[in-house]
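My structure is below; once you've seen it, I'll send some questions.
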Amino acid sequence: MTRAVRGRRAVGEALVDVKNSPERCPAGISELPEPPIGDATLPDMDDVSYFYGTAGEINAANLYRLLTLRSRVFVVARRQPWLDPDGRDIEYGTTHLWAERAGETIATLRLTDEGDGVLRMARVCTLLAYRRQGHATMLVRHALVVAGARPVITDVYARSADWFTRRGFQPRGGRTVVDGEAHTSMQHVPAARHAAPAPAAGPGDTAYRPAWAPV
């Protein structure tokens, strides 16, 4: 079952199943409460839908669009000759989250099961035309709801670490260089998750910098 969240929504402490599913998700959708929107300059994105589903729940067309988006971001835009699909996209414990507008996948991330109750967030990306509109923030918040009581770890571009810090992540030590790009390891633990919800993106917020963004 692929679940959908229609329109611009904020992620609450729990997901609530509701009726009247869209045709894309005949088995049901998960509805999230409306967020406070502090930036009146944001465009009307009510036609954006947010989806999530496990590797066994999403269909081949969904997976194809996710892999296409990631290839555009991490391979084509960065001119990096590496294979984005790594075998983990179809593992039993993997959950994919993504945003769509007019049938086009515009943002995505995935959660993988690392064992011992730990999840890894990776492949966070947004199409250039949809940056600074809160889609990555929405997906990260939604991923933390899906994670529940499980810690979430992630390795991010060092230049994006502040963006993740403002969304409740903390450094967990260590830096690596991958394809010439510095990465840092971060984590989001359940105690911090419940004590301090991630703030909404505002007019002065620095947006998440995807792979193609200039340094």
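Considering only residues that are part of a strand (DSSP E or B) and either out of contact with any Ser or Thr (no Cβ under 6 Å at 6 or more places or on another chain) or of a type in the set (Asp, Glu) (or both), which ones fall in segment 65-109?
Correct list: 96, 97, 99, 100, 101, 104, 105, 106, 108, 109.
Here's another thing I want to ask about it. Please verify whether residue 168 is buried (at least 18 other Cβ atoms within 10 Å of the Cβ), touching a residue at least 24 places away in the same chain (Cβ under 8 Å), in a loop (DSSP other than H, G, I, E, B) and not acidic (Asp, Glu), treating the condition exactly as stated.
For residue 168, the condition - buried (at least 18 other Cβ atoms within 10 Å of the Cβ), touching a residue at least 24 places away in the same chain (Cβ under 8 Å), in a loop (DSSP other than H, G, I, E, B) and not acidic (Asp, Glu) - is met.
Out of 70, 110, 65, 101, which single residue is without any contact (Cβ under 8 Å) to a residue 60 or more places away in the chain, basic (Lys, Arg), closer than 19 Å to residue 151 by Cα and in contact with a strand residue (DSSP E or B) (Cβ under 8 Å, 6 or more places away or on another chain)?
It is 110.
If a residue has to be touching a strand residue (DSSP E or B) at 6+ places or on another chain (Cβ under 7 Å) and closer than 24 Å to residue 105 by Cβ to count, how many in segment 141-168 make the cut?
Total satisfying the criteria: 11.
Select from segment 110-123 the residues that are in a loop (DSSP other than H, G, I, E, B) and not charged (D, E, K, R) and list them in ascending order.
115, 117, 118
Out of (1) out of contact with any Gly (no Cβ under 9 Å at 6 or more places or on another chain); (2) open to solvent by 30 Å² or more (accessible area, probe 1.4 Å); (3) not acidic (Asp, Glu), the odd one out for residue 134 is which?
The single condition residue 134 does not satisfy is (2).
Let me ask something additional. So for segment 133-140 (the condition being among the aliphatic types (A, V, I, L, M) and not in a helix (DSSP H, G or I)), does at least one residue qualify?
The answer is no, given that none of the residues of segment 133-140 is among the aliphatic types (A, V, I, L, M) and not in a helix (DSSP H, G or I).
State whether the residues of segment 88-108 include one that is open to solvent by 50 Å² or more (accessible area, probe 1.4 Å), closer than 21 Å to residue 55 by Cα and within 14 Å of the chain's Cα centre (by Cα).
Taking every residue of segment 88-108 in turn, none turns out to be open to solvent by 50 Å² or more (accessible area, probe 1.4 Å), closer than 21 Å to residue 55 by Cα and within 14 Å of the chain's Cα centre (by Cα).
The values are calculated or read from the model by the stated rules, or taken from the named source; none is laboratory data. Not measured: the values here are computed from a predicted model. Every residue, glycine among them, receives a Cβ derived from its backbone with ideal geometry; neighbour counts consider all protein chains shown. SASA here: full protein model, heavy atoms, side chains in, ligands and nucleic acids out. Shrake-Rupley method; radii C 1.70, N 1.55, O 1.52, S 1.80 Å.
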